[in-house]
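Below is one structure; the comments refer to it alone.
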Amino acid sequence: FSWLKILLAIISLFYAINVRHNGVIAVLPLTLLIGWIIATHKHSTQRTKIVISICVTLLTGLSYFAAQQITKFVVNGKTQFPGQQAQIHDLVGISLAENINLLPPFLNQPVWNLQDLEKIYTPKTTNIMFCCADTKRYLGLATLPSEYEDLKNNWQTAIIKYPVSYAKHRWGAFKAQLGISENEVCYPFQTEIEPNIYNITFPKWWLNDWVMSGLQYIRNSCLFRGWIYTLALTLILAWQTFKLWGMWSKRKSQNWCDLDIYITAFALSGLLNSLAYYFISLTCDFRYNLWSVITALVCTIMIISQSRIISLTTRARQTP
């Protein structure tokens, strides 16, 4: 146990919830885990451990809220209304499914016909809606609070009135990100540094060429399909929940192994990170699955280690 490591972990989680829209939900199990670790160090009872875990989580939430307020103060209340791309994407998808234009007035100048909207729509990505498509017209974004309010109201009305069309559209986006039923994985890895305003370049050498050439052969394999890792995390979490609940129901929660708690927290974090993209996925890039990939691998390593420890312990007890 080290208070320095705990502090570094909390700072890392604080950073995570401020840089990703779905960071809060993925961080939640890990803040509970940190509280559990602190309580365990203090040799607390199981009930006290749960209370301390919840308190640490609430403190992290308050820190996030404070950071948001500081950000607003620094930028003098100005905002680009993050998340509006997903809302516009949803409105276009529902509009095409229901054969009706549901866009707010500021996006309908002039009014979009459904045929033109169809040219810039795909459930896989929002990119071609705002730029870079083979079309003469793109959708804009809300720049004024009144425009965003109109967008938000239209979006809320649409998903309530047409829940089936909304669910199908979101499933199309989520399915593409997970690589389900897709012949090619969407942007599985970065091959080079793109031209940038800082003129940062990365000179290629033989090792880079060799690795990139090898990755090309497996770019569409299961290694770069998010659903593999999401499924693995689901199975791991189900097993760990069954295991821990069995001990709890038999009043043997004092026998909970710390490693079981760690595995459960990481599996839940990775799974929540993945499932959150059902609602907010903007594009199908594999990079959005990276935290789920990392947690699935970490959980697998911990499970193997746990099995090894149990095996060695059993052998030691059997040795006369």
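Would you please name the residue that is surrounded by the fewest Cβ atoms within 10 Å (Cβ to Cβ), looking only at residues in the stretch 164-221 that are among the polar types (S, T, N, Q) and in a helix (DSSP H, G or I)? Before you say what the answer is, go through the steps one by one.
Our first condition is that a residue be among the polar types (S, T, N, Q); within the stretch 164-221, this holds for 165, 177, 181, 183, 190-191, 196, 199, 201, 208, 213, 216, 220-221.
Imposing the further condition that a residue be in a helix (DSSP H, G or I) reduces the set to 165, 177, 208, 213, 216.
Values: 165: 19, 177: 28, 208: 13, 213: 9, 216: 12.
For the stretch 164-221, the residue satisfying everything is 213.
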**Unmet criterion (only one of (1) modelled with pLDDT of 85 or more; (2) loosely packed, with under 14 Cβ neighbours inside 10 Å) for residue 227** = (2)
**Request:** Only residues that are surrounded by fewer than 14 Cβ atoms within 10 Å (Cβ to Cβ) and either under 23 Å from the mean Cα position of the chain (by Cα) or closer than 19 Å to residue 186 by Cα (or both): list them for the stretch 121-137, please.
**Result:** 131, 132
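State yes or no: is residue 286 among the hydrophobic types (A, V, I, L, M, F, W, C) and surrounded by 20 or more Cβ atoms within 10 Å (Cβ to Cβ)? First the steps, then the outcome.
Numbers: among the hydrophobic types (A, V, I, L, M, F, W, C): yes; surrounded by 20 or more Cβ atoms within 10 Å (Cβ to Cβ): yes.
Answer is yes for this residue.
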**Prompt:** Condition test on residue 81, is it surrounded by 16 or more Cβ atoms within 10 Å (Cβ to Cβ) and touching a helix residue (DSSP H, G or I) at 6+ places or on another chain (Cβ under 6 Å)?
**Reply:** yes
**Message:** For the list (1) assigned to a loop (DSSP other than H, G, I, E, B); (2) surrounded by fewer than 15 Cβ atoms within 10 Å (Cβ to Cβ), I need the number of the one condition that residue 101 fails.
**Reply:** (2)
**Prompt:** Only one of these conditions is not met by residue 54: (1) assigned to a loop (DSSP other than H, G, I, E, B); (2) at negative phi; (3) at pLDDT 75 or above. Which number is it?
**Reply:** (1)
**Prompt:** When both residues are 6+ apart or on different chains and their Cβ atoms are under 7 Å apart, which pairs have a first residue that lies in the stretch 178-194 and is on the phi < 0 side of the Ramachandran plot, and a second that is among the small types (Gly, Ala, Ser)?
**Reply:** 178/226; 182/176; 185/179; 186/176
**Asked** Which of the residues that make up the stretch 138-166 are without any contact (Cβ under 8 Å) to a residue 24 or more places away in the chain and over 23 Å from residue 82 (Cβ atoms)?
**Response** 161, 163, 164
**Asked** When you look at residue 171, is it closer than 30 Å to residue 112 by Cβ and either at pLDDT 95 or above or of a type in the set (Phe, Trp, Tyr) (or both), yes or no?
**Response** yes
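The values are calculated or read from the model by the stated rules, or taken from the named source; none is laboratory data. All of these numbers come straight from a predicted model, not from anything done at the bench. No Cβ is skipped: glycine too gets one built from the backbone with ideal geometry, and neighbour counts run over all protein chains shown.
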